[in-house]
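Values in this text are rule-based calculations from the coordinates and carry no lab data. Being a predicted model, the structure only gives us computed values, none of them experimental. Neighbour counts are summed over all protein chains in view; Cβ atoms, including those assigned to glycine, are modelled from backbone coordinates with ideal geometry.
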Amino acid sequence: MSDVNDRGTKKWTAMMLPEHEELLRKMWAEQEYKEKPILDEQQKEEIDARLQAAVNNDLTVEVKHYNGRDFLTNKGKLTRINQEQLWLGDESIIKLADVLDVYI
């Protein structure tokens, strides 16, 4: 957010009702919300191939995934994988439907 908006908000928050402040916080949180991209079949196949290579060769991977509001990245060795989710060495559980990319 720019300094101009911050200055205006700071200037007027003393005169705002708590309900108005809460509405402003919600509005700012929604502006930071990111939508989950839709992967095509080729991207899904590439992710699947990288996951299989990592499992078969005991490789460390970095998994970029969507958590409902933002993009997160977890790094580690794959300990388990099934049709719905994968487990990384640090006991992170990630739904396969939320995986956006895999880096080896």
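About its Cα centre, the dipole of region 18-104 is roughly 240 debye, where the only charges are +1 on Lys and Arg Cβ and -1 on Asp and Glu Cβ.
Can you figure out the FRET efficiency of Thr60 with Leu17, using R₀ = 41 Å and their beta-carbon distance, to the nearest 0.05?
After rounding, the FRET efficiency stands at 0.20.
Gain on full extension, evaluated as 0.36 nm per residue between Glu35 and Asp48 minus their Cα-Cα distance, stands at 2.5 nm.
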